[in-house]
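Enquirer: My questions will all concern the structure given below.
The values are calculated or read from the model by the stated rules, or taken from the named source; none is laboratory data. Keep in mind that this is a model prediction, so the values were computed, not measured. Ideal geometry is used to build each Cβ from the backbone, glycine not excepted, and the neighbour counts take in all protein chains shown. For accessibility, only protein heavy atoms count, side chains too; no ligands or nucleic acids. Shrake-Rupley method; radii C 1.70, N 1.55, O 1.52, S 1.80 Å.
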Number of protein chains: 2
Amino acid sequence: MIGEIITIGNELISGRVCDLNSFFLSGRASSFGLEIRYISSVGDDEDRIIDSLNRAVNRSDFIMVSGGLGPTDDDITAEVAARFFNRELIADKTFLSSIERAIKKRGLPWVEAYRKMAHIPEGALLIDPKGHACGFYLHYDAGVKTIPVFFLPGVPAEVQKLAESKVLPILLADGEKDVVRQRVFKLFGLQEAQIGEMLHDLSAGEPNVLIGYYPNFPENHVTVTVRAATGSLADERLAVVESQVDQRLGRYLVAKDEATIESEVGRMLKNKNMTLAVAESCTGGLISKRLTSVSGSSEYFERGLVTYSNRSKYELLGVDTQTLAKHGAVSRQTAIRMAEGVKTRSAVSIGLATTGIAGPTGATPGKPVGTVYLALSALSKTKVKRYHFLGTREQITSLTSQMALSWLQRFLTDDTVFFGD
Amino acid sequence: MIGEIITIGNELISGRVCDLNSFFLSGRASSFGLEIRYISSVGDDEDRIIDSLNRAVNRSDFIMVSGGLGPTDDDITAEVAARFFNRELIADKTFLSSIERAIKKRGLPWVEAYRKMAHIPEGALLIDPKGHACGFYLHYDAGVKTIPVFFLPGVPAEVQKLAESKVLPILLADGEKDVVRQRVFKLFGLQEAQIGEMLHDLSAGEPNVLIGYYPNFPENHVTVTVRAATGSLADERLAVVESQVDQRLGRYLVAKDEATIESEVGRMLKNKNMTLAVAESCTGGLISKRLTSVSGSSEYFERGLVTYSNRSKYELLGVDTQTLAKHGAVSRQTAIRMAEGVKTRSAVSIGLATTGIAGPTGATPGKPVGTVYLALSALSKTKVKRYHFLGTREQITSLTSQMALSWLQRFLTDDTVFFGD
């Protein structure tokens, strides 16, 4: 089944808002073996919406439309849907009362504009009659086939909930398709071109094996997608390619599929029964935030110190004023003392520290913007290294946090190799 | 001039990667008064790319294409462009040597696949002959007019650089247009529907005033766009609407245009010569990270403590074990002691603290997931409040950090009102 996504909203074509709904919907549909072939965005304009719908029903088997169902004046999608399907726009009582309940439950004031949201084309089915997010669908009669057209709201959280619990199950209920299996390899430390050279023979001449390369700063992601007539054939095919990718790129691999470097580091810390404390300067809390984004991280994450001032480095980590005065806050010596200090004072297994110049200001002679020191202290050893990252303030802090997580992962994988490097 | 954006890549239609390039290009074009009317994404598929180009040259005045110019097998855009324009694909020597220089400069190993990147359709112009990011453009002869078609890479940082420094200046050099002015209002604490009701009369019957409503979790953004024949007329028109919006929504306004709540809080702290320290539990470093994302934040941000464990709350903030045992880590009493502790021990003007249950686990009787205490201590006073935020772990931490920043902003605006609330 070939699908199409149309997102509606002036905010999308004017670049005010990034189209997260196409991203989500295409990803979820693809993971279920539904092929999304076209994605398009148009403004809140009747003729252009009709035009997009016309094109879509001529080339796709199902259509997911998102946006323009809200209460404000610029929300015209339900009205346009009624025109496209040649139906009246009518107030739906079930829908209206579910909106009323939802507003009440959340303790919000009632606004007359909500009444407009409960209007749908006559005969349209509510996607989630018991829920309160708006959304309806109709079937377009294309002669040889019937094309379901889903109209979803524009708020990402609502789209995600409706798509996951209602739209995809409806779509998957009909239609025979090949079985698709996919694995995502998340890599750090190689360029996209290098990865391409290392893998491109794996899909050459193999129409049922597709390899995709996706820069996902600061990582590079590779997807291996295989197709087969049955699940076990697809599993087998995927296993063969996966073992090749593992063999060739294993040392750059940080995580697979839904896992992340954060969740992997967390898993390894738990397995080894180790605890961690972080002292950050240039990263400003990003490393702590990434580590604690994992549910259950309180089991191994003891504390994080954003020691932005010299005074906090001295008071909280014991970086002596002499070191700071002689070598500066951005130095090998300070990084070592930060890592050792946070480890000792927190009584944890691992102390990790970063200090650097995220820019755009703050460079000093010999220490350009992007100069970063990383230090890791554990098992009575401390490793320290100077890096020079390129990019904006955001890119430099992102790269630093990624390298810090990568250090943790490498340490937890094999501390002898890590400290010997 | 009406423009169109086409992004190319299997990663986009399969939902592996979010289309940040359409987002950026449409935003920048719009801010210069160029109207983007259509955005579409297709996979790395020759026929579908040709099809998109054909449609685009029939309805738009300029086209920006992004993606598929890289070194890997799935990058076919240059080849397809050659076919669409009926030209040979040739190796460009200038381009090849700039790629060679770039690789050398970054100290990266040369990979043969880079050679492929230097192939462009015969007669195409390099967008940045002296740069090393790939990208070229050609003019499509549509009889009555000539349509420039820009082919840009897929890496967001390269797209942004090329668009900003080359593509937009080329486009702006020709064509007369109305002057467009836009102001963005960033709001927190109101629903989209409420905002709509409060503003919709401002654009009713005013074809040259456009108001857009954009949920941007956890904020809501409103854009006011005005058009006029001259710059001073547009400025005047904008000022009238702006003063109305300010009057009606002022108390929910956190920032305008490029400013953010983080940068506003920073500006106010600097103006008042105040310093800040943060103690975070459930937000895990997010508040520190947001505050330090502003360049120059070291002037007022003294330290941030991610006190995840009870021990760290005791050791670093002086939250006594009795308070923790009696009331728990997520309590009014703990929040107060955290804010007062971080303020006193850091010797700053303001101590800010959060403690809560971000979920999905960790709820206790009477303290469901989403229970959060905020506390702010300054000027010998401490304010504390319990919130119950709804959503995922990420949404709850995001809302908590936003509310914390909003507290700072309100305190800095008028501390009497803030503490009196």
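Enquirer: Condition test on B:G266, is it surrounded by 22 or more Cβ atoms within 10 Å (Cβ to Cβ) and in a helix (DSSP H, G or I)? Don't jump to the end; show me each part of the working.
Expert: Working: surrounded by 22 or more Cβ atoms within 10 Å (Cβ to Cβ): yes; in a helix (DSSP H, G or I): yes.
Against the criterion (surrounded by 22 or more Cβ atoms within 10 Å (Cβ to Cβ) and in a helix (DSSP H, G or I)), B:G266 qualifies.
Enquirer: Mind checking whether some residue in region A:241-249 is open to solvent by 30 Å² or more (accessible area, probe 1.4 Å), within 30 Å of A:R337 (Cβ to Cβ) and more than 16 Å from the chain's Cα centre (by Cα)?
Expert: No, region A:241-249 contains no residue that is open to solvent by 30 Å² or more (accessible area, probe 1.4 Å), within 30 Å of A:R337 (Cβ to Cβ) and more than 16 Å from the chain's Cα centre (by Cα).
Enquirer: In region B:79-91, is there at least one residue being open to solvent by less than 20 Å² (accessible area, probe 1.4 Å) and modelled with pLDDT under 95?
Expert: Scanning region B:79-91, I find no residue that is open to solvent by less than 20 Å² (accessible area, probe 1.4 Å) and modelled with pLDDT under 95, so the answer is no.
Enquirer: Restricting attention to region B:3-13, does a residue exist that is without any contact (Cβ under 8 Å) to a residue 24 or more places away in the chain and open to solvent by 30 Å² or more (accessible area, probe 1.4 Å)?
Expert: To start, the set of residues in region B:3-13 that are without any contact (Cβ under 8 Å) to a residue 24 or more places away in the chain comprises B:11.
Going one step further and asking which of them are open to solvent by 30 Å² or more (accessible area, probe 1.4 Å), we end up with B:11.
Scanning region B:3-13 turns up at least one residue that is without any contact (Cβ under 8 Å) to a residue 24 or more places away in the chain and open to solvent by 30 Å² or more (accessible area, probe 1.4 Å).
Enquirer: Please find, within region B:115-125, the residue that is surrounded by the fewest Cβ atoms within 10 Å (Cβ to Cβ) out of those that are under 16 Å from B:G70 (Cβ atoms) and more than 14 Å from chain A (Cβ to nearest Cβ). Walk me through how you get there before you give the answer.
Expert: At the first step, the residues of region B:115-125 found to be under 16 Å from B:G70 (Cβ atoms) are B:115-120.
So of that shortlist, the ones also more than 14 Å from chain A (Cβ to nearest Cβ) come out as B:119-120.
Details: B:H119: 19, B:I120: 25.
This residue is B:H119.
Enquirer: Every residue in region B:40-50 that is open to solvent by 10 Å² or more (accessible area, probe 1.4 Å), facing chain A (nearest Cβ under 8 Å) and among the hydrophobic types (A, V, I, L, M, F, W, C), please.
Expert: The answer is none; no residue qualifies.
Enquirer: Next question. When you go through A:G135, A:G154 one by one, which is the residue that is within 14 Å of chain B (Cβ to nearest Cβ) and touching a helix residue (DSSP H, G or I) at 6+ places or on another chain (Cβ under 8 Å)?
Expert: On the way: A:G135 fails: within 14 Å of chain B (Cβ to nearest Cβ).
Criteria check complete, one pass: A:G154.
Enquirer: Next question, about the same structure. Being part of a loop (DSSP other than H, G, I, E, B) and touching a helix residue (DSSP H, G or I) at 6+ places or on another chain (Cβ under 8 Å) is the requirement here; does A:V384 meet it?
Expert: Working: part of a loop (DSSP other than H, G, I, E, B): no; touching a helix residue (DSSP H, G or I) at 6+ places or on another chain (Cβ under 8 Å): yes.
It is false that A:V384 is part of a loop (DSSP other than H, G, I, E, B) and touching a helix residue (DSSP H, G or I) at 6+ places or on another chain (Cβ under 8 Å).
Enquirer: Let me ask you something else. Exactly one of these conditions fails for A:P218: (1) open to solvent by less than 40 Å² (accessible area, probe 1.4 Å); (2) of a type outside the set (D, E); (3) without any contact (Cβ under 8 Å) to a residue 24 or more places away in the chain; (4) on the phi < 0 side of the Ramachandran plot. Give me its number.
Expert: (3)
Enquirer: Also, I was wondering about something else. Tell me, which residue of region A:374-421 that is closer than 23 Å to A:L269 by Cα and among the aromatic types (F, W, Y) is most open to solvent (accessible area, probe 1.4 Å)?
Expert: Of the residues in region A:374-421, the ones closer than 23 Å to A:L269 by Cα are A:374-385, A:398-421.
Checking the rest, the ones that are also among the aromatic types (F, W, Y) come to A:407, A:411, A:418-419.
Numbers: A:W407: 0, A:F411: 6, A:F418: 5, A:F419: 42 Å².
Looking at residues that are closer than 23 Å to A:L269 by Cα and among the aromatic types (F, W, Y), I get A:F419.
Enquirer: Give B:A193, B:A228, B:A163, B:A234 a once-over and let me know the one that is within 14 Å of another protein chain (Cβ to nearest Cβ), touching a residue at least 40 places away in the same chain (Cβ under 8 Å), among the small types (G, A, S) and open to solvent by less than 30 Å² (accessible area, probe 1.4 Å).
Expert: Details: B:A193 fails: touching a residue at least 40 places away in the same chain (Cβ under 8 Å); B:A228 fails: within 14 Å of another protein chain (Cβ to nearest Cβ); B:A234 fails: within 14 Å of another protein chain (Cβ to nearest Cβ).
Checking each option against the conditions leaves just B:A163.
Enquirer: Mind listing whichever residues of region B:272-291 are out of contact with any helix residue (DSSP H, G or I) (no Cβ under 8 Å at 6 or more places or on another chain) and over 19 Å from B:S377 (Cα atoms)? Outline the logic, then answer.
Expert: So in region B:272-291, the residues out of contact with any helix residue (DSSP H, G or I) (no Cβ under 8 Å at 6 or more places or on another chain) come out as B:273.
Result: no residue meets the conditions.
Enquirer: While we're looking at this one, here's another question. From the list B:T364, B:T292, exactly one residue is more than 27 Å from A:R311 (Cβ to Cβ) and hydroxyl-bearing (S, T, Y). Which is it? Before you say what the answer is, go through the steps one by one.
Expert: Values: B:T292 fails: more than 27 Å from A:R311 (Cβ to Cβ).
Selected residue: B:T364, the only one of B:T364, B:T292 that is more than 27 Å from A:R311 (Cβ to Cβ) and hydroxyl-bearing (S, T, Y).
Enquirer: Please go through region B:73-114 and give me each residue that is within 12 Å of chain A (Cβ to nearest Cβ) and of a type in the set (G, A, S), ordered by number.
Expert: At the first step, the residues of region B:73-114 found to be within 12 Å of chain A (Cβ to nearest Cβ) are B:73-75, B:99, B:102-103, B:105-114.
Within region B:73-114, B:A102, B:G107, B:A113 qualify.
Enquirer: Go through (1) small (G, A, S); (2) more than 28 Å from the chain's Cα centre (by Cα); (3) modelled with pLDDT under 95 and name the single condition A:S380 misses.
Expert: (3)
Enquirer: Quickly run through region B:329-365 and pick out the residues that are more than 25 Å from B:A378 (Cβ to Cβ) and in contact (Cβ under 8 Å) with a residue 24 or more places away in the chain. Steps first, please.
Expert: Let us first name the residues in region B:329-365 that are more than 25 Å from B:A378 (Cβ to Cβ), namely B:357-365.
B:I357, B:A358, B:G359, B:P360, B:T364 - these are the residues of region B:329-365 that are more than 25 Å from B:A378 (Cβ to Cβ) and in contact (Cβ under 8 Å) with a residue 24 or more places away in the chain.
Enquirer: Quick check, is B:V254 surrounded by fewer than 24 Cβ atoms within 10 Å (Cβ to Cβ) and either aromatic (F, W, Y) or away from chain A (no Cβ under 13 Å) (or both)?
Expert: Answer is yes for this residue.
Enquirer: Among the residues of region A:134-156, which ones are modelled with pLDDT under 90 and either surrounded by 22 or more Cβ atoms within 10 Å (Cβ to Cβ) or of a type in the set (D, E) (or both)?
Expert: Once the filter is applied, which keeps residues that are modelled with pLDDT under 90 and either surrounded by 22 or more Cβ atoms within 10 Å (Cβ to Cβ) or of a type in the set (D, E) (or both), region A:134-156 yields only A:C134.
Enquirer: Now for a separate question. Would you mind telling me which numbered condition in (1) open to solvent by 20 Å² or more (accessible area, probe 1.4 Å); (2) touching a residue at least 24 places away in the same chain (Cβ under 8 Å); (3) within 29 Å of B:L190 (Cα to Cα) A:L96 fails?
Expert: A:L96 satisfies all of (1) open to solvent by 20 Å² or more (accessible area, probe 1.4 Å); (2) touching a residue at least 24 places away in the same chain (Cβ under 8 Å); (3) within 29 Å of B:L190 (Cα to Cα) except (2).
Enquirer: Among the residues of region A:335-362, how many are of a type in the set (A, V, I, L, M), assigned to a strand (DSSP E or B) and out of contact with any Lys or Arg (no Cβ under 8 Å at 6 or more places or on another chain)?
Expert: 2
Enquirer: Among the residues in region A:64-72, are any more than 31 Å from the chain's Cα centre (by Cα), more than 7 Å from every other protein chain (Cβ to nearest Cβ) and modelled with pLDDT of 90 or more? Explain how you work it out, then say what you get.
Expert: Within region A:64-72, the first condition is being more than 31 Å from the chain's Cα centre (by Cα), and the residues that meet it are none.
The answer is no; no qualifying residue exists.
Enquirer: Name the helices (runs of 4 or more DSSP H) wholly inside region A:1-64 in which the number of residues that are of a type in the set (A, V, I, L, M, F, W, C) is 3 or more.
Expert: Working: elements: A:10-13, A:20-31, A:46-59.
Of the helices (runs of 4 or more DSSP H) lying wholly inside region A:1-64, those with at least 3 residues that are of a type in the set (A, V, I, L, M, F, W, C) span A:20-31, A:46-59.
Enquirer: Can you name every residue in region B:319-356 that is within 19 Å of B:S398 (Cα to Cα) and surrounded by fewer than 24 Cβ atoms within 10 Å (Cβ to Cβ)? Reasoning before the result, please.
Expert: Filtering region B:319-356 for residues within 19 Å of B:S398 (Cα to Cα) gives B:330, B:335, B:352-356.
Once the filter is applied, which keeps residues that are within 19 Å of B:S398 (Cα to Cα) and surrounded by fewer than 24 Cβ atoms within 10 Å (Cβ to Cβ), region B:319-356 yields only B:V330.
Yes/no matrix, rows are residues, columns are (1) at the interface with chain B (Cβ under 7 Å from one of its Cβ atoms); (2) assigned to a helix (DSSP H, G or I):
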residue	(1), (2)
A:A279	no, no
A:I287	no, yes
A:R290	no, yes
A:S295	yes, no
A:R303	yes, no
A:S312	yes, yes
A:V319	no, no
A:T323	no, yes
A:Q333	no, yes
